[in-house]
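The block underneath contains the structure these notes are about, expressed in structure tokens.
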Amino acid sequence: MELRHIRYFLAVAEELNFTRAARRIGIGQPPLSNQIRDLEDEIGAPLFRRLPHGVELSEAGQVFLPEAQAIVARAEQAKALALRAARGELGRLRIGFTGSAAFSPIVPSSVRSFRRAYPEIDLTLEEAHTTRLLERLEAEELDAVFIRPGDADPPSFRSHALAEEAMMIALPSGHPLAGAASLPLSALSGEPFVLFPRIAGPSLFDGIIAACRQAGFEPALGQVAPEITSIANLIAVELGVSVVPSAIAQIRVPGVAYVPISGNAPIARLTLATRRDERSAVVQNFIARVLAAKAELG
């Protein structure tokens, strides 16, 4: 039983006249009569009683009518849902982000904008360090990730550069240098550094170490913070100093002072990464929202 046969049946059932039904459908009356006869043969019972000036539904036709209407309605609904899915209006989106990336205004702005535009998308968020996010992106367990890749984007993924921000020095507020308007990175020579594990963000970690070496000293690595966002708490108890993205300065932990770096300050980059072969309309819609947020926020 083909869907077109059911549509033909409904046209005749609504018009109760083969000529008008054929005109409405856009085919000739003889072909329409043949299609209805084929449907009746398949069902094994007549659906119409022929009258001198039209037709009327038989008992079988009366029972078949609401079922046929439901089938066509479901087919239309399925078509509409498929089209919405093709436009990226339905489905799921799994977003990952690093702890420090979440403090960039682009991240909450783009996620908020996407949720408002596509409320029926099943959206989930996951926080992890850069290495873990890229592993899950490659395994297709995440669809898009906000990361801080250092100087080079990860080569295996499609990257969208979003922002660059100068990094800052983070000091205990009681440190003799905490009140400075700005400091060269070399001022931290000999100070114990509080840093996150290299595996949490290899590129960013290496960038900080390289900047210190360029400033003429080898940083003395001290306490390790579980995540970059934990650094401020360890500095507050005077376990050392650090260099962090300026967005981290939004974490107002009592006992921590942030000082701009004078001279050649290292840069923290924010990137959205997706799989190179990503074709999902949902992901493409999200990328568009992220780039719009980037343009709006400058």
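The values are calculated or read from the model by the stated rules, or taken from the named source; none is laboratory data. From a predicted model like this one, the values you see are computed outputs, not experimental measurements. For neighbour counting, all protein chains shown are included, and Cβ atoms are generated from backbone atoms with ideal geometry for every residue, glycine included. The protein model used for the area step is the full one, side chains on, heavy atoms only, and it has no ligands, DNA or RNA in it. Shrake-Rupley method; radii C 1.70, N 1.55, O 1.52, S 1.80 Å.
If you fit an axis through the alpha-carbon atoms of helix 202-214 and take the longest principal axis of the Cα set of the chain, what angle between them do you get, 0 to 90°, nearest 10? Between helix and principal axis, roughly 30 degrees. In a simple Cβ point-charge model (Lys, Arg +1; Asp, Glu -1; nothing else charged), segment 3-87 has a dipole of about 520 debye relative to its Cα centre. Taking a Cβ cut-off of under 14 Å around residue 189, the surrounding Lys, Arg, Asp and Glu residues balance to a net charge of -1, with basic ones at +1 and acidic ones at -1. In a reduced charge model with +1 at each Lys and Arg Cβ and -1 at each Asp and Glu Cβ, the chain shows a dipole moment near 720 debye about its Cα centre.
To the nearest ten degrees, helix 29-43 and the longest principal axis of the Cα atoms of the chain are 80 degrees apart. Surface listing: 126, 42 arranged by accessible area from highest to lowest gives 42, 126, probe 1.4 Å. Note that segment 257-298 presents 47 Å² accessible area per residue, ligands and nucleic acids not counted, probe 1.4 Å. When the Cα gyration tensor is reduced to axis lengths a ≥ b ≥ c, the ratio a/c stays below 1.5 for segment 163-268, which is therefore classed as rounded. Residue order by solvent-accessible surface for 113, 58 is 113, 58, largest first, with ligands and nucleic acids left out and a 1.4 Å probe.
With each label point set 7 Å from Cα along the Cα-Cβ vector, what nm distance links residue 276 and residue 43? Distance between the two pseudo-spin positions: 5.7 nm. Expressed as an acute angle from 0 to 90° and rounded to the nearest 10, what is the orientation of the C-alpha long axis of helix 106-117 relative to the principal long axis of the chain? Here the helix axis deviates by roughly 10 degrees. Per-atom-type breakdown for the chain gives carbon and sulfur 52% of the accessible area (1.4 Å probe, protein chains only).
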